[in-house]
Amino acid sequence: MTKDKYIGIDLGGTKILTAVADDNGEIIARVKLATETELGQERIKKNIFKSIYKVLEKTDIKIEKIKSIGIGSPGPLNVEKGIIYESANLPIKNMEIVDLIEKETGINTYLQNDANTAALGEKVFGVGKEADDLLYITISTGVGGGIIINGKIYYGHTGNAGEIGHMTVDPTGPKCGCGNYGCLESFSSGTAIKNMAKKAIENDESTLIKKLAKDQKLSAKLVAKAAAKGDQKALDIFAKAGYYLGIGIANLVNIFNPEMIILGGGVLKAKEYFLDRAKEEFKKRALKAPADIVKIKEAVLEDEIGVKGAIALAMQKVEG
């Protein structure tokens, strides 16, 4: 029986999105299951297996037709050994996920950091198709990234390259979740935007954010609502996030000289309040030659970027 299908798994803190694709990477069927993190590591493992079998049940495809499986997961990971060490959003400790899936299914399986799979997804199936050298930046709860060089994921010596959110953009800045001060993530992430809004409320600054937060949970999305109504403090917060994002992009362009920077993540839904500021600051700070050639694009795969990236990972590993 010819093996000509692939499975991609996007493992997240709230959901597992699994899809089966043909040899062109076109999704044939998809299944979304709750991760059920509250029930612990063993349940997460069982739900991963369940998602594989359920997606195959939706088609006439037998498991023997699957050539390989790719899985994208939050880290830190050991990509070579196929281990998820731990995750802030998953109650996982040293899960040998690749070995577990291979023993369950008999199919070669490959693990990668979720930001790297997103980068690969945009490279293979999205806006980055024409670029061999690109950087993907996700601006969400945190700030993450993936690096593609010569069409392949750049892992770094120990597999931990791409921690874009933890470059220092202001050493006098706020403390980041990683323990350092002034990381890009501590200025430009959804969490940072929320924290700046919280500080404004605590300082009793005049802002619509305070009024909106009485009825809704404080978040970057709420700050965007205030910005949409012309609230100056909300606009200032987004401008600050954009300013530091621009510094970060300039640093990356100067170091990597990419063809393309791809921006994704939920915070980008509020792009009208910070993206122009980021581009303005990037142009001021980046060296002219690499700045003139780089294209800054928005991700197009949206909610399926993780699973499409996992499919691309499975395909790329087989193709070498």
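What follows draws every value from the coordinates through simple rules; no lab data is involved. Quantities reported herein were computed from a predicted structural model and do not represent experimental measurements. Cβ coordinates were reconstructed from backbone atoms using ideal geometry, including for glycine residues, and neighbour counts include every protein chain displayed.
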Worksheet entry | FRET efficiency estimate (nearest 0.05) - Cβ-Cβ, residue 41 to residue 205, R0 45 angstrom | 0.55
Response to the item:
Relative contact order in percent for the chain (Cα pairs under 8 Å, 6+ apart) equals 20
Worksheet item: Hey, what angle do you get for helix 305-319 against the long axis of the chain, alpha-carbon based, 0 to 90 degrees rounded to 10?
Response: 50
Worksheet, complete the sentence: Note: residue 129 to residue 279 extended length (0.36 nm per residue) minus current alpha-carbon separation gives 51.8 nm
Worksheet, complete the sentence: Length gained, residue 94-residue 22, 0.36 nm per residue minus C-alpha separation, equals 22.8 nm
Worksheet, complete the sentence: Share of Cα-Cα pairs in the chain beyond 37 Å, whole percent, is 19
Worksheet item: For residue 236 and residue 215, FRET efficiency with R0 = 25 Å and r from the beta-carbon atoms, rounded to 0.05?
Response: 0.65
Worksheet entry | Extension reserve of the residue 293-residue 85 stretch, reckoned as 0.36 nm per residue once the Cα distance is removed | 71.0 nm
Discussion item. What number does segment 203-254 give for Rg over Rh if you use C-alpha atoms and the Kirkwood radius?
Written reply: 1.12
Worksheet, complete the sentence: If every Lys and Arg gets +1 and every Asp and Glu gets -1 at its Cβ, then about the Cα centre the chain yields a dipole, in debye to the nearest 20, of 780
Worksheet item: Got a sec to turn the phi values of segment 263-276 into Karplus ³J(HN,Hα) couplings, 6.51 cos²θ - 1.76 cosθ + 1.60 with θ = phi - 60°, whole Hz, x for Gly and Pro?
Response: 10, x, x, x, 5, 5, 5, 9, 4, 5, 9, 9, 5, 4
Discussion item. What does the charge count around residue 132 come to, taking other residues whose C-beta lies under 12 Å from its C-beta (Lys +1, Arg +1, Asp -1, Glu -1)?
Written reply: 0
Worksheet item: residue 63 versus residue 154, label points 7 Å from Cα toward the beta carbon: distance in nm?
Response: 3.9
Discussion item. What do you get for the angle between helix 41-57 and the principal long axis of the chain? Use alpha-carbon atoms, 0 to 90 degrees, nearest ten.
Written reply: 60
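Among 166, 157, rank each residue by its count of other Cβ atoms within 10 Å, from fewest to most, as a rough exposure measure.
Numbers: 166 18, 157 6.
Final ranking by Cβ density, sparse to dense: 157, 166.
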Discussion item. What do you get for GluC sites (Glu not before Pro) in segment 127-228 restricted to DSSP loop and a cutoff of at most 10 other Cβ within 10 Å of the site's Cβ?
Written reply: 130
